[in-house]
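Structure, as structure tokens:
The values are calculated or read from the model by the stated rules, or taken from the named source; none is laboratory data. Worth saying up front: this structure is predicted, and the values here are computed from it rather than measured. As a convention, Cβ positions derive from the backbone with ideal geometry for all residues, glycine included, and neighbour counts pool all protein chains shown.
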Amino acid sequence: MYRYILLFFLLSTLASAQNPDSLEIYSRDSTRYTNLKTRMSKTKFSRAVYRLLFRDVYNQGKVTEVKEIETNPFTPYEGMVIRKIYIRQLNILGESVYDTTRKGNQLERFVSKSLHTNTREGIIRKSFLLFSEGDDIRAQVLKDNERLLRTNRTIVDARILVVPRKDVTWMADVIVLIQDAWSLNFSGGFNSFNKFNIGLENINVRGTTHSQRTAFRWDARDTLQKFQFRTIYTIPYIGKTFITGQANLIFERDRQEQSIHFFRRFLTNETKYAGAVDVGHTRLRQYKRLLDDTEVQIRYPTEFNYYDIWLGRAFKFPFPESRLSKDSRLVTAIRHNKYSFRDRPQVAPDLNRIYWNRSATLISLGYSNRNYKRDVLIYGFGRTEDVPVGNLFALTIGQENTEFGARGYGGLQYATGKYLPYNLGYMYGLVNIGTYSKEGNAQQGVLHGQLNYISNLIPFRYSFFRQFLAFRYTHGVNRDPLDYLNISGEQGIRGINSEQLIGTKRLTLGTETVFFSDKSLLGFRIAYFVFADLGLVNGVQSLWSGPLYQGYGFGLRLRNESLTFNTLQLRIGYYPNIPGNSSSIRFAIDGNVPLRLRDFDISAPSIVPLQ
């Protein structure tokens, strides 16, 4: 009997999708779920089956608490003195920063305590907090610190609580709730002893928040390189500097790289300095197509040394009474880089400019207005997501010195994002324009614009869904023959990888409807989606003269937010007119990287990329 009940419940899961943080509104579905739990609790065997397959997701979070996005919860405590800071680390499974009464079952507690090492408390205090004991409480600093904790991939979710002292009214204790992510990720594949690969990533080595990823591949039949290897080591924050350090050693078939990278972003509006130092050696084996004959593939080996340095300074807006001054900064930055090629395709004054030996100095001046609002179920599966709202404007100018003479550069960037009135959703827009110039002629120019729309959570029977829309247009001006766009994959038509969909002009429109299930299978949340992608791409001819490439499909995604590997995605797609396709229907199981919304912080002065 229980297997029929179990089968019925699994089928009903596929037919519903409900916001896990809004279940109080839909008590009828909660009752059905509870009744099933009651029926399956009558014997030890059925209870064991229930605990194995299902995890209660009710009351894990309070949507009203997460989505009070217009107010800063720390404002009432502004100016109070921090007496003590308490760090409370929750189990990686079974607990929630929004419901600390949840303790999880015995298996979840065992896994959390025995198979995972929590981030060291001293590391959190030393490298992750923007405040200390004895400081005055600044509401915006605490709000920013919550967000910064959540952006670290070693942490699933974080929350800061302020508890006023009863004996001393002007003092308060601060409690920092941290829930780590699972630190170990394994990957691999085995075809035979002549062809296999293994990978291991630890994103929190011995609780230090350092991450190390090591992978190797063996293919005895590969005539170019049988053994491939890569290791990447990252320190998220070095001491109290909020500087991130990373070292890369890659020895793969088509990429060999040795590099060191140190960088510090404008983490908050209070951050005054940001910058980066990047030094390395790279050797690539690139495969290119000709725009006028996409059937022909050409292999180009390239090898170069490089360094890249930039420094930025943020200033308060000079007119504090202005409407533009709230959450705003003026940012100026300077950047210098140099690329020296040791191996490359043939170059000339009007040929293959992307492979020129060159050095560039760029200066930028920008205006950044940014804030964040908390939301759920956008790209995550229940974790708190910080949605950036604000505006960005940046002007970049500079000069590049090359082996064929000097040329100037100019670029403009404008971006805006906000929640629309009347609960109509979230809109993000970006315009990016940049070009080199020499003797009054544009070289390697780019005109790029995009518009993204995300609806509010929309109730449908016992379910919730979101609608996503993405529009992108890119136009390359006077580009080199080997420098072009592709509309495969995430660049346009998802689910395909064709080297023949190339050109210097691209227009794409993508839509996706995502249903979020309220059920949890083996701790994995489920989301079902349908999508449609349309794209135009062309080179020397008009954009509208080419065919309209299309992709349609549906699938499901599985993700446990406590685990750090990519979302598991199962997708079936229909592609009626993709060149080189042996079949118009494709089935794929792959890892889908969780996306994040673009921020409005100004970083290094940069050349607008053709991508």
Q: Identify, by number, the condition in (1) touching a residue at least 40 places away in the same chain (Cβ under 8 Å); (2) of a type in the set (Phe, Trp, Tyr); (3) in a strand (DSSP E or B) that residue 237 doesn't meet.
A: (3)
Q) Does residue 297 qualify as being in contact with a Pro (Cβ under 9 Å, 6 or more places away or on another chain), surrounded by fewer than 16 Cβ atoms within 10 Å (Cβ to Cβ) and part of a strand (DSSP E or B)? A) no
Q) Which residues, counting only those in the range 201-234, are among the hydroxyl-bearing types (Ser, Thr, Tyr) and assigned to a loop (DSSP other than H, G, I, E, B)? A) 208, 209, 223
Q: Considering every residue within the range 322-343, establish whether at least one is surrounded by fewer than 18 Cβ atoms within 10 Å (Cβ to Cβ), touching a Leu at 6+ places or on another chain (Cβ under 9 Å) and in a loop (DSSP other than H, G, I, E, B).
A: no
Q: Give 183, 127, 96 a once-over and let me know the one that is farther than 26 Å from residue 210 by Cβ, touching a residue at least 12 places away in the same chain (Cβ under 8 Å) and within 26 Å of the chain's Cα centre (by Cα).
A: 96
Q.
Here's a check for you: in the range 227-275, which residue that is in the same structural domain as residue 287 (by TED's automatic domain parsing) and among the small types (Gly, Ala, Ser) is surrounded by the fewest Cβ atoms within 10 Å (Cβ to Cβ)?
A. 259
Q: Say whether the condition of being over 21 Å from the mean Cα position of the chain (by Cα) and surrounded by fewer than 16 Cβ atoms within 10 Å (Cβ to Cβ) is met by at least one residue in the range 502-520.
A: no
Q) From the set of residues in the range 521-543 that are over 23 Å from the mean Cα position of the chain (by Cα) and assigned to a strand (DSSP E or B), which is surrounded by the most Cβ atoms within 10 Å (Cβ to Cβ)? A) 537
Q. Just wondering, is there one or more residues in the range 460-481 that are more than 26 Å from residue 295 (Cα to Cα), touching a Lys or Arg at 6+ places or on another chain (Cβ under 6 Å), surrounded by 20 or more Cβ atoms within 10 Å (Cβ to Cβ) and aromatic (Phe, Trp, Tyr)?
A. no
**Q.** Selection status of residue 495, farther than 30 Å from residue 346 by Cα, in the same structural domain as residue 297 (by TED's automatic domain parsing) and among the small types (Gly, Ala, Ser)
**A.** yes
(Q) Condition first: of a type outside the set (Asp, Glu), assigned to a strand (DSSP E or B) and buried (at least 21 other Cβ atoms within 10 Å of the Cβ). Now tell me which residues in the range 173-200 satisfy that. (A) 174, 176, 177, 178, 179
Q) What number of residues within the range 153-167 satisfy the criterion of being outside any strand (DSSP E or B) and in contact (Cβ under 8 Å) with a residue 60 or more places away in the chain? A) 3
Q: Among what's in the range 476-497 and is in contact (Cβ under 8 Å) with a residue 60 or more places away in the chain and not in a loop (DSSP other than H, G, I, E, B), pick the residue that is farthest from residue 533 (Cα to Cα).
A: 476
(Q) I need the full set of residues from the range 544-558 which are in contact with a strand residue (DSSP E or B) (Cβ under 7 Å, 6 or more places away or on another chain), assigned to a loop (DSSP other than H, G, I, E, B) and not small (Gly, Ala, Ser), in order please. (A) 548
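Picking from 375, 350, 343, 386, which residue would you name as being free of Cβ contacts under 8 Å to residues at least 24 places away in the same chain, charged (D, E, K, R) and outside the structural domain of residue 148 (by TED's automatic domain parsing)?
Of 375, 350, 343, 386, the one residue that is free of Cβ contacts under 8 Å to residues at least 24 places away in the same chain, charged (D, E, K, R) and outside the structural domain of residue 148 (by TED's automatic domain parsing) is 350.
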Q: Please specify each residue of the range 344-368 satisfying the condition of being surrounded by fewer than 20 Cβ atoms within 10 Å (Cβ to Cβ) and under 22 Å from residue 316 (Cα atoms).
A: 363, 365, 367
**Q.** Where residue 561 falls short, out of the listed (1) crowded, with 20+ Cβ neighbours inside 10 Å; (2) in contact with a Ser or Thr (Cβ under 9 Å, 6 or more places away or on another chain); (3) in a loop (DSSP other than H, G, I, E, B)
**A.** (2)
Q: Could you identify the single residue in 343, 292 that is at pLDDT 90 or above and either farther than 20 Å from residue 606 by Cβ or basic (Lys, Arg) (or both)?
A: 343
Q.
Tell me the residue from 507, 570 that is in a strand (DSSP E or B) and in contact with a Phe, Trp or Tyr (Cβ under 6 Å, 6 or more places away or on another chain), please.
A. 507
(Q) Name the single residue that is surrounded by the most Cβ atoms within 10 Å (Cβ to Cβ) among those in the range 573-611 being touching a residue at least 40 places away in the same chain (Cβ under 8 Å) and assigned to a strand (DSSP E or B). (A) 573
